[in-house]
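The values are calculated or read from the model by the stated rules, or taken from the named source; none is laboratory data. Keep in mind it's a predicted model, so treat the numbers as computed, not measured. We place every Cβ from the backbone using ideal geometry, glycine too, and count neighbours over all the protein chains shown.
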Amino acid sequence: MQNAAPLVTLTARKRRASPMRRQETLMAALLILPSTLGILAFAVLPIAASLGISLTDWGGLSKPNFVGLQNYATALQDPRATSALSHTLIYVLLAVPTGVIISLTLAVWINNLKSGWLRTVFRTVYYLPMVTIGVAVALLWQVLLAPQGLVNLILGWLGVHGPNWLGSPAWVLPAVAVFSVWQGSGQGIILFLASLASVPKELYEASQLDGARPFETFRFITLPMISPTIFLVMVLSVIGALQVFEAVLVLSNGGPGDSSTTVALYIYKTAFTFFKMGYASALAWLLAIILIALMMVQWRNQNKWVNYDQV
């Protein structure tokens, strides 16, 4: 009988708390409802719709007819799609390693500046291209890279004959990659600066006592400690590079010929120039599959060089 009173009290408390918990749950559901509806309306439903459209021959206005996997079979045999994929992969090989190396180098340099004011200034300057309107900046670079533009003018002063950057099949993809690295390196710099700031100072002090040279300190202390951030920047860079669209559209529109047409640009032209919505959706899904496959390869290989141990 003595134990009955506490049990009754506990049960009463649970009953009183139950309506309060229901109210809290209802309030939480109401708070996340707008975001949930937004994700459903602008992400989940369009993705599901594109998958359904990829199985039809829909042209945008005409009645869609179910064709099964015909669009996917056509894409695998389409020489223009294969060419666009090769251009995209070349662009990835040009832009991603260059962007990661430049971002890391600039981040280390900024991090080593003695003046906090200078660090703030350079961090802001390098991040500005990320927040500017991409089309406007691309148009500016189009002028700079013109045959008589500022870039070739400077090269001429140095005694170098500048190429037709955007009009030559051999130079157009490197030119687009340079622009993309310039525009997107700010993100990597910010991430690397945050990672460098988290490296324990005691490790650097110990390396100095051991007589380690700066390069050895960077190689054996800094790089292992920030390797997770390097992996993150590489993944984000690969995702962005595989979907490159705006820079190619504005700078070269895929030209000359199709020498700079990437997969994303080919999807855009297929959908909104040739009005093959079903085929464009199939191409988009194939690009997504390739992207996921590359991410899986990166994820599986990260254990060979990424260090998640915190000292």
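Taking every residue in segment 169-198 that is within 18 Å of Ser237 (Cα to Cα) and pairing it with any residue that is among the aromatic types (Phe, Trp, Tyr) and not in a helix (DSSP H, G or I), at least 6 positions away or on another chain, the pairs with Cβ-Cβ distances below 7 Å are Ala175/Trp165.
Quick check: is even one residue across segment 220-235 closer than 20 Å to Ala280 by Cα, assigned by the TED database to the domain that holds Leu140, surrounded by 16 or more Cβ atoms within 10 Å (Cβ to Cβ) and within 19 Å of the chain's Cα centre (by Cα)? Checked segment 220-235: no residue is closer than 20 Å to Ala280 by Cα, assigned by the TED database to the domain that holds Leu140, surrounded by 16 or more Cβ atoms within 10 Å (Cβ to Cβ) and within 19 Å of the chain's Cα centre (by Cα). Just wondering, is there one or more residues in segment 66-81 that are of a type in the set (D, E, K, R) and within 30 Å of Ser198 (Cβ to Cβ)? No, segment 66-81 contains no residue that is of a type in the set (D, E, K, R) and within 30 Å of Ser198 (Cβ to Cβ). Scoring Thr105 on the criteria (1) polar (S, T, N, Q); (2) crowded, with 16+ Cβ neighbours inside 10 Å; (3) over 21 Å from Ala264 (Cβ atoms); (4) modelled with pLDDT of 95 or more leaves a single failure, condition (2).
The selection criterion, being among the aromatic types (Phe, Trp, Tyr) and modelled with pLDDT of 95 or more, does not hold for Tyr204.
Taken together, the residues in segment 158-216 that are more than 31 Å from the chain's Cα centre (by Cα) and aliphatic (A, V, I, L, M) amount to 6.
Please work out if Ala75 is within 30 Å of Gly255 (Cβ to Cβ), surrounded by 13 or more Cβ atoms within 10 Å (Cβ to Cβ) and out of contact with any Ser or Thr (no Cβ under 6 Å at 6 or more places or on another chain). In short, yes.
Looking at Leu140, Leu145, which is the one that is under 25 Å from Glu246 (Cα atoms) and without any contact (Cβ under 8 Å) to a residue 12 or more places away in the chain?
Step by step, each of Leu140, Leu145 is checked, and only Leu140 is under 25 Å from Glu246 (Cα atoms) and without any contact (Cβ under 8 Å) to a residue 12 or more places away in the chain.
Mind checking which helices (runs of 4 or more DSSP H) fall wholly inside segment 79-187 and carry at least 1 residues that are closer than 16 Å to Thr262 by Cβ and of a type in the set (Phe, Trp, Tyr)? Result: 79-111. Residues that are charged (D, E, K, R) and in contact with a Gly (Cβ under 8 Å, 6 or more places away or on another chain) within segment 43-66 comprise just one, Asp57. Regarding segment 301-310, can at least one residue be identified that is within 23 Å of Leu144 (Cβ to Cβ), more than 21 Å from the chain's Cα centre (by Cα) and part of a loop (DSSP other than H, G, I, E, B)? Checked against the condition, which is being within 23 Å of Leu144 (Cβ to Cβ), more than 21 Å from the chain's Cα centre (by Cα) and part of a loop (DSSP other than H, G, I, E, B), segment 301-310 yields no hits at all. Among the residues making up segment 273-300, a single one is without any contact (Cβ under 8 Å) to a residue 12 or more places away in the chain and within 16 Å of Pro46 (Cα to Cα): Ala288.
Among the residues of segment 239-272, how many are touching a residue at least 40 places away in the same chain (Cβ under 8 Å), assigned to a helix (DSSP H, G or I) and surrounded by fewer than 16 Cβ atoms within 10 Å (Cβ to Cβ)? The qualifying residues number 1.
Screening Lys304 with (1) touching a helix residue (DSSP H, G or I) at 6+ places or on another chain (Cβ under 6 Å); (2) farther than 22 Å from Ala73 by Cβ gives one miss only, at (1).
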